[in-house]
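The values are calculated or read from the model by the stated rules, or taken from the named source; none is laboratory data. Computed from a prediction, not measured in an experiment: that's the story for all the values here. FYI the Cβ positions are ideal-geometry reconstructions off the backbone, even for glycines, and counts take in every protein chain you see.
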């Protein structure tokens, strides 16, 4: 199957599940991912302390609806899991319309769309519905039924790791807690699954060699999931050289790269470099402490080199956090473009080595090594690349830096470096 | 009385006095200021060594005029003290017009205005007059009378100090040596008097608590007065964290902030920040070693964190150093605007604290502390401010920095910090 | 003789010589230069190891031509030495046109010009000719004769040194290996000769005093000559404070200054400063590892403070490396302008001292030292210069920095510094 269909098919499969920060919707989602990669699924019990937080009760829903006095369901969780406010407590009562309305959420400015609401850390309940439907509700006695459970259980997340030649690690993290919405964040889940599979296919069996870096993929509920992983893996954090929080990859907006809090991490150099190379329109955003799990990775006491890559950022498209963020809103082509961008980033990370010129005093004589064939005055790009690599390989510049400074494509710079290495004019710096 | 009238009234009262770098005009000026604040008036004897300089003889004038052969006074110091070149020596002689003219100063390009001239450090004499009047002078014998004295006495300056919680000091300095001119510098004298009174009213009695910083106001003759204070107070200079030379505050031009020599002192950050906040048009000027007493405060061996705040800078309006810089040239509204700007600067200095996030690993759970009430996707400015303060409070950013980086108003940032302090998520750094 | 004619006359004299990286053409060129300055001529034997390279066999040519079957010379080295590819091996054979053409070079886009080609490090031969002439060649048997020698001999270069007050050195280097082309590089050779003579006339005899810096001029074959000098003079390199590779000085394009690899060497400050001062249009180019001998001086293991000054850069004018780069292509006026620019650079280097203010606390009283004569409000540029020099002379700024920061011409700043030195308010820092 072509990669765009593969990504899209997984999204279609996962779309109906009722995901939240805990519960069976998440568990089923991770099980499906396990069909692609040997994902490790971790269960962290309710009540576990994770930094300033603790793992909340597990939430599951059997049924939820509102029925009018004629027995007609005016709202039904089974038709769309967005109808129920996430983490709603169990309810079974009859309410007049004015009392009911205190628990109803709608979007007057988009009267046909159902909003997405949660009440994770406050015991409450509510329903979300299209504003048009809400206006149709008449004075009546409404029966409200929520058959949910909030009980000791666990928070569930997935982790996939590929060991590289060194402990230095590349981290990808995506959130898995949103129910039936496509761009936010089945797009992230599905693209990351296929990216992990891509690496697994390349490096997954013992005979296939190892990548330069280790790669770690996290499929975690937003906020509490990232915090849980960070709290339980503090010893691993120093290995992270390069990280990306990913989400919102299927709409037709341009890519938006949001810098790490450090602002000059390797990721802050590489991602814009690859976007430039691929001649995409994109924006680079300064770090802000609001958004997705970069909030946690980039908290001041961790300050990890983790940026964020999305298309149109959270909150900047009207369909955001509504039922209009559905499978029609995104496209296989855009998902594939995102997938290819991540592949390009990984390839660049893997290839972006740093060398030391072993003949640093004056140029070496390239002609006698068969590397330099120009007649005077007619130098070619490849030969210029040889000169740039030699001149800049003083221990401070990697190949991306040299490509940036010279304006010569990375692949040409990389080939030149490789050829110079072969004739012992360079050595690799680790 | 409204503050604009209060400032303007003091200017009217002080306008006629014959100020110079020494003498009774300065002494009387400081006595009037003493009606507002408990000003300390310091007398430094003639001949006192102050760095490379020494305090000059004290100059006082009883009378000065030029009389034609018919006994008519063609120039009369009693009508306008600008007529007499400051520090003119005593004279009593009869001169022909061509000899007299060597001692007359006028402004051909502004024939109705009297220029302002001084001869502090060269024993000489002269008269300033409107060019129109000078052209009317006919060949004649002119009697020149200057009843001045240049004798051992003292240089007089005023100092007002309010003790804060720490020795760290905010310095305001303004020059008091100019005779009857309004913008330069009765505007500075009068606004600084009212600013000192504002602080005195807030913190002046023992029961009222102390400001974060100590505040020092200097009312000094330009150059020699600033040098005298600096030479006699070297032990205090290390306490100065923040300083402003002030002048030219009443014309209708935009504010001009001239940076300290360091260029990145706290004052260089705070003053533009407050001007931005107040949505004023303003210019920021690089440091130059010419101007007012910032020349001395920012000499290379002292290099104090002292900037300068004026409206239209010295020399950049035609009325500068002429009789046209009078009470009509300035307005109570512009003086009040300047006063309010200084109040804003002081409030910002006082409120601009630096905190340390005590829960720096991941975000703290704000909801359980009652600070975070947003439903997902609908964050408010105040809640964003909480996140910004937490994320940036790593010991390097103060609240002004956080406001600048976040684009959130200082007051909102400040409130967020205060609330986070109350729930023990921050501690203040000193 | 006026300097423009002097420069141009030397170029005319040197134009016909058959220069290459070794051989008698270079030797004769250096002998002619010796008529102007006591140039040291150094011979380095074939086979000498110089870093990664070795000195090649010496190449000389007695005759070279191609004759058709009627005995007509269709190409003749004696008419233009560009006809023969430099370092062509001896040949004496008869070839059909199609075989001959493999050794012929022409420029279809400029059919009347002869290109310039070399084959220094690959044993081969070839002829260059106008494309129009090449098209006229008919099917025939062609006799090819190259009476050249490639034998043990030496590489020849010239060096001229003037000792200054310190060992700190200013280096000028120009390449001497190009045959009959005017801009590249008889312009560099001739302007450098006259610049060396200018310094020799000033400082050449013992009674005339010494310049602040030592000056070294190198007249070297490109690449191998620069490498040879560097390899044999490593002990001297630490003395170089300031260096320029020079070439292409006679066309009518603007000056182009190419920065040293360091990017912030003194030369990178001074050359643009002097160009600004002379109100020339010019470009500043970032360092690249391609071009002239800055490639060697700025190799990463040497990283010398050496920039490059040309008019239109190499390869950016169509006449570059062709017979159209002849004496009509350049002009005496442009050569003189270049000469004067170098003189201005040297004068600025010599005058660009750094001082320490000996009275750094507040301003010194300039009036009592006779340096300050302004009446208040009417300061002159010279007096501003006094204040700038005093304020900035804290050990970090030299006079060029002060001129840049103040916007006051260098000569005024320099005069102010000199006057302040005379009254003991400054001391010179070495």
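Return yes or no: is residue A:138 away from chain B (no Cβ under 14 Å), modelled with pLDDT of 95 or more and surrounded by 13 or more Cβ atoms within 10 Å (Cβ to Cβ)? Break it down into steps so the answer makes sense when it comes.
Details: away from chain B (no Cβ under 14 Å): yes; modelled with pLDDT of 95 or more: yes; surrounded by 13 or more Cβ atoms within 10 Å (Cβ to Cβ): no.
The answer is no for residue A:138.
Mind listing whichever residues of the stretch C:317-339 are under 14 Å from residue C:250 (Cα atoms) and either at pLDDT below 95 or at the interface with chain A (Cβ under 10 Å from one of its Cβ atoms) (or both)? Walk me through how you get there before you give the answer.
Applying the first criterion (under 14 Å from residue C:250 (Cα atoms)) to the stretch C:317-339 yields C:317, C:319-320, C:324-339.
Matches in the stretch C:317-339: C:320 only.
Going through (1) in the same structural domain as residue A:324 (by TED's automatic domain parsing); (2) in contact (Cβ under 8 Å) with a residue 60 or more places away in the chain one by one, residue A:115 falls short only on (1).
Quick check on my filter: what residues within the stretch B:1-20 are in a helix (DSSP H, G or I) and surrounded by 16 or more Cβ atoms within 10 Å (Cβ to Cβ)?
Start the filter on the stretch B:1-20 by keeping residues that are in a helix (DSSP H, G or I), which leaves B:3-14.
If the condition is that a residue be in a helix (DSSP H, G or I) and surrounded by 16 or more Cβ atoms within 10 Å (Cβ to Cβ), then B:3, B:4, B:6, B:7, B:8, B:10, B:11, B:14 are the ones that fit.
Apart from one condition, residue C:301 fits all of (1) closer than 22 Å to residue C:86 by Cα; (2) within 14 Å of another protein chain (Cβ to nearest Cβ); the exception is (1). Can you name the residue in the stretch A:362-386 that is over 29 Å from residue A:270 (Cβ atoms) and assigned to a helix (DSSP H, G or I) and is also farthest from the other protein chains (Cβ to nearest Cβ) among such residues? Step by step, filter the stretch A:362-386, then rank; the result is A:369. For the stretch B:107-119, taking the residues that are surrounded by fewer than 20 Cβ atoms within 10 Å (Cβ to Cβ) and touching a strand residue (DSSP E or B) at 6+ places or on another chain (Cβ under 9 Å), the one that is farthest from the other protein chains (Cβ to nearest Cβ) is identified as B:110.
Which residue out of C:359, C:397, C:424 is assigned to a loop (DSSP other than H, G, I, E, B), within 10 Å of another protein chain (Cβ to nearest Cβ) and modelled with pLDDT of 95 or more? Quick ask: steps written out before the conclusion?
Numbers: C:397 fails: assigned to a loop (DSSP other than H, G, I, E, B); C:424 fails: within 10 Å of another protein chain (Cβ to nearest Cβ).
Within the list C:359, C:397, C:424, the selection yields C:359.
If you filter the stretch B:160-195 down to residues that are out of contact with any helix residue (DSSP H, G or I) (no Cβ under 7 Å at 6 or more places or on another chain) and not in a loop (DSSP other than H, G, I, E, B), you find that the one that is surrounded by the fewest Cβ atoms within 10 Å (Cβ to Cβ) is B:161. With respect to the conditions (1) surrounded by fewer than 24 Cβ atoms within 10 Å (Cβ to Cβ); (2) away from every other protein chain (no Cβ under 11 Å), residue A:314 lacks only one, and its number is (2).
Every condition in (1) within 14 Å of another protein chain (Cβ to nearest Cβ); (2) more than 24 Å from residue A:320 (Cα to Cα) holds for residue A:100 except the one numbered (1).
When you scan the stretch C:196-219, how many residues do you find that are in a helix (DSSP H, G or I) and buried (at least 24 other Cβ atoms within 10 Å of the Cβ)? Matching residues across the stretch C:196-219 total 1.
Within 22 Å of the chain's Cα centre (by Cα), modelled with pLDDT of 95 or more and under 30 Å from residue A:59 (Cβ atoms): does that describe residue A:149? Against the criterion (within 22 Å of the chain's Cα centre (by Cα), modelled with pLDDT of 95 or more and under 30 Å from residue A:59 (Cβ atoms)), residue A:149 does not qualify. Of all the residues in the stretch C:223-245, those that are surrounded by 24 or more Cβ atoms within 10 Å (Cβ to Cβ) and farther than 16 Å from residue A:363 by Cβ number 3.
When the test is whether a residue is in contact (Cβ under 8 Å) with a residue 12 or more places away in the chain and within 14 Å of chain A (Cβ to nearest Cβ), residue C:173 passes it. When we screen A:100, A:82 for residues that are outside the structural domain of residue A:18 (by TED's automatic domain parsing), over 30 Å from residue B:365 (Cβ atoms) and touching a residue at least 24 places away in the same chain (Cβ under 8 Å), the only hit is A:100.
Quick grid of which residues meet (1) buried (at least 17 other Cβ atoms within 10 Å of the Cβ); (2) assigned by TED's automatic domain parsing to the domain that holds residue B:254; (3) closer than 20 Å to residue B:191 by Cα:
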residue: B:283; (1), (2), (3): no, yes, no
residue: B:287; (1), (2), (3): yes, yes, no
residue: B:301; (1), (2), (3): no, yes, no
residue: B:306; (1), (2), (3): yes, yes, yes
residue: B:310; (1), (2), (3): yes, yes, yes
residue: B:318; (1), (2), (3): no, yes, no
residue: B:328; (1), (2), (3): no, yes, yes
residue: B:337; (1), (2), (3): yes, yes, yes
residue: B:344; (1), (2), (3): yes, yes, yes
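Residue pairs whose Cβ atoms lie under 8 Å apart, separated by 6 or more positions or on different chains, with the first residue in the stretch C:43-66 and within 14 Å of chain A (Cβ to nearest Cβ) and surrounded by 21 or more Cβ atoms within 10 Å (Cβ to Cβ) and the second part of a strand (DSSP E or B) and at pLDDT below 95, do not occur.
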